[in-house]
There are 2 protein chains.
Amino acid sequence: MKKPIAIQGVKGSFHHEVVCNYFDNQSDVVECMTFDTVIKTLLDEASDEIVMALENSIAGSIIPNYALIDNNHLSIVGEYYLDIQHQLMALNNQAIEDIKEVHSHPMALLQCKAFFKAYPHIKLVEAKDTAEVARQISEQQLKGIAAIASKTAAALYGLNILAQSIQTIKENETRFVIVKRVQDNNNQALINKASFKFELEHKRGSLASLLNVLSDCQLNLTKIQSLPKIDTPWKYAFFVDVTFDAYKNYEKAKSIMTIMAENFKVLGEYKNAKR
Amino acid sequence: MKKPIAIQGVKGSFHHEVVCNYFDNQSDVVECMTFDTVIKTLLDEASDEIVMALENSIAGSIIPNYALIDNNHLSIVGEYYLDIQHQLMALNNQAIEDIKEVHSHPMALLQCKAFFKAYPHIKLVEAKDTAEVARQISEQQLKGIAAIASKTAAALYGLNILAQSIQTIKENETRFVIVKRVQDNNNQALINKASFKFELEHKRGSLASLLNVLSDCQLNLTKIQSLPKIDTPWKYAFFVDVTFDAYKNYEKAKSIMTIMAENFKVLGEYKNAKR
């Protein structure tokens with residue numbers, strides 16, 4: 001039997017929406033309150049795959065999640081882009097004037113900050129998970145408190161949407177990845193994207209030379225991020241995503257990169273989900 | 001008279017430590033509870049310069065702060081690297097066994113998470129500012145609550161340090177920048193670092209060509225970060241830092257970049273503070 005998929009958050013969270021879209025609505029989930037617990041569930045084999053947010057168009061990469069994948073030697077086997085629309089929701093008999101506090105995840109609060117400038121009487125309170133707040137409001141019949149969460153959460157917990165898509169930037173895409181303990185994408189014909197990491201000495205032109213190789217091998221760069229290596233001054237780690245048409249081109253680039261860069265490591269090979 | 005310097009947080013915060021080190025101990029500060037307020041203080045001319053954290057070695061870039069500088073057309077005029085050491089502190093008569101809750105900034109809690117695994121009875125609570133919690137514990141004589149903050153905060157608010165340097169990664173450097181409304185670094189001889197932003201079409205090799213130019217002009221890349229442009233699929237914005245020995249080399253690169261890249265914009269020219 002297929003094991004449940006571990007996610008951060010509860011049912012109705014954006015991670016859960018990704019599970020419903022990437023897998024199907026019937027997929028069982030393990031609700032975890034932190035990304036650390038998500039990883040533990042995978043390592044303990046209570047779950048064989050997990051879903052994790054990795055970057056969004058507003059705040060950029062979620063570096064600690066990259067570190068969790070990297071340090072635990074896990075593999076990205078898929079990706080999914082979710083258009084995150086934040087809905088303000090409360091119990092049915094509540095108007096926006098009745099709301100004294102809005103509880104949600106810090107990222108959701110940050111993204112909706114401008115909306116609340118018109119409601120200075122509302123206090124913004126940080127919470128662990130967007131959907132968890134919706135569930136609590138529903139279960140404990142909390143008056144005066146609103147959640148910022150998904151439409152799925154409103155439907156699941158029977159809350160009334162007071163305002164739709166309240167995030168400042170209307171296009172709000174978050175990239176999620178599906179992660180397993182080991183790479184098991186055997187069908188190379190389906191693979192057209194890869195994520196990897198490498199290190200370089202701080203030598204002029206070293207990154208340019210490497211990107212020239214990627215370009216010569218017909219790879220397209222879709223993401224690049226440098227991070228100074230902790231404990232090693234003047235050494236940089238780079239996280240790079242590339243897309244390609246032919247797996248053999250990628251293989252060629254890989255074999256050159258292994259020689260040119262230090263500690264070259266593939267974090268995942270998968271199907272590009274970006275339209 | 002010199003106007004006070006706006007910072008996020010209160011006296012004793014890491015931002016305040018940067019003011020004391022970059023300027024001097026006598027510098028007056030405006031204590032702001034959010035980065036938005038810091039920016040407003042600068043735009044309203046209540047302050048002529050501000051200090052902002054921009055990236056750290058664990059979590060990477062603080063993208064919203066980049067956006068604040070970029071969108072408000074401000075200029076980076078200096079940088080400072082602070083080795084952030086987190087101290088656990090409480091009232092004098094408290095032992096670690098007496099502590100029920102630790103309140104601190106989410107980033108500080110994240111960095112010290114491993115330490116608290118040995119103390120499962122302690123609840124971690126997110127707060128706005130590291131030093132603000134220390135001040136509250138002191139002023140309200142709060143028992144059972146500890147703060148994670150700087151040594152300066154412990155000294156300033158008369159708290160006792162229960163455990164030193166409790167962050168997981170002992171080398172914990174954060175990069176702060178000094179920001180003004182306009183660039184006023186007139187002495188080109190002192191300038192050997194610059195931050196800029198540009199956009200590129202998603203065309204194979206476009207970034208590699210640009211980095212070749214930087215390398216040809218003798219510039220060293222110290223940071224690169226791509227961000228997909230919101231509302232413009234397949235267009236990328238890049239945030240890049242470079243160091244150089246001669247300002248004229250940088251000027252040459254700048255004039256080529258202006259032609260090669262789209263929306264090339266200098267975010268700041270300043271003295272490299274990295275040893």
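Annotation: residue A:39 fulfils all but one of (1) under 22 Å from residue B:57 (Cβ atoms); (2) away from every other protein chain (no Cβ under 14 Å); the unmet one is (2). Looking at A:88, A:42, A:109, A:74, just one residue is within 21 Å of residue A:222 (Cβ to Cβ) and in contact (Cβ under 8 Å) with a residue 24 or more places away in the chain, and that residue is A:74.
The residues of segment A:42-64 that are under 24 Å from residue B:61 (Cβ atoms), out of contact with any helix residue (DSSP H, G or I) (no Cβ under 6 Å at 6 or more places or on another chain) and not in a loop (DSSP other than H, G, I, E, B), listed by number, are A:53, A:55, A:56, A:61, A:63, A:64. Scanning segment A:45-60 for residues that are more than 14 Å from chain B (Cβ to nearest Cβ) and either without any contact (Cβ under 8 Å) to a residue 24 or more places away in the chain or on the phi > 0 side of the Ramachandran plot (or both) yields a single hit, A:45.
Test residue A:241 against the criterion of being part of a loop (DSSP other than H, G, I, E, B) and either among the acidic types (Asp, Glu) or within 30 Å of residue A:46 (Cα to Cα) (or both), and give yes or no.
no
When residue B:221 is tested against (1) under 27 Å from residue A:199 (Cα atoms); (2) more than 8 Å from chain A (Cβ to nearest Cβ), exactly one condition is not met: (2). Only one residue in B:150, B:215, B:165 is among the hydroxyl-bearing types (Ser, Thr, Tyr), surrounded by 18 or more Cβ atoms within 10 Å (Cβ to Cβ) and away from chain A (no Cβ under 14 Å), so which one is that? The conditions single out B:150.
Yes/no matrix, rows are residues, columns are (1) crowded, with 19+ Cβ neighbours inside 10 Å; (2) over 17 Å from the mean Cα position of the chain (by Cα); (3) farther than 23 Å from residue B:240 by Cα:
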site	(1), (2), (3)
B:23	no, no, yes
B:26	no, yes, yes
B:31	yes, no, yes
B:39	yes, no, no
B:88	yes, yes, yes
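For residue B:12, the criteria (1) surrounded by 16 or more Cβ atoms within 10 Å (Cβ to Cβ); (2) modelled with pLDDT of 95 or more; (3) over 14 Å from the mean Cα position of the chain (by Cα); (4) among the small types (Gly, Ala, Ser) hold in every case but one, which is (2). Only one of the listed residues (A:141, A:183, A:167) is in contact with a Leu (Cβ under 7 Å, 6 or more places away or on another chain), in a loop (DSSP other than H, G, I, E, B) and not aliphatic (A, V, I, L, M). That residue is A:141.
Exactly one residue among A:67, A:53, A:108, A:59 is among the small types (Gly, Ala, Ser), at pLDDT below 95 and in the same structural domain as residue A:147 (by TED's automatic domain parsing), and that residue is A:108.
The values are calculated or read from the model by the stated rules, or taken from the named source; none is laboratory data. Bear in mind the structure is a predicted one, so any value in this text is a computation, not a measurement. Quick reminder, even Gly has a Cβ in these numbers, built from the backbone with ideal geometry, and neighbours come from all protein chains shown.
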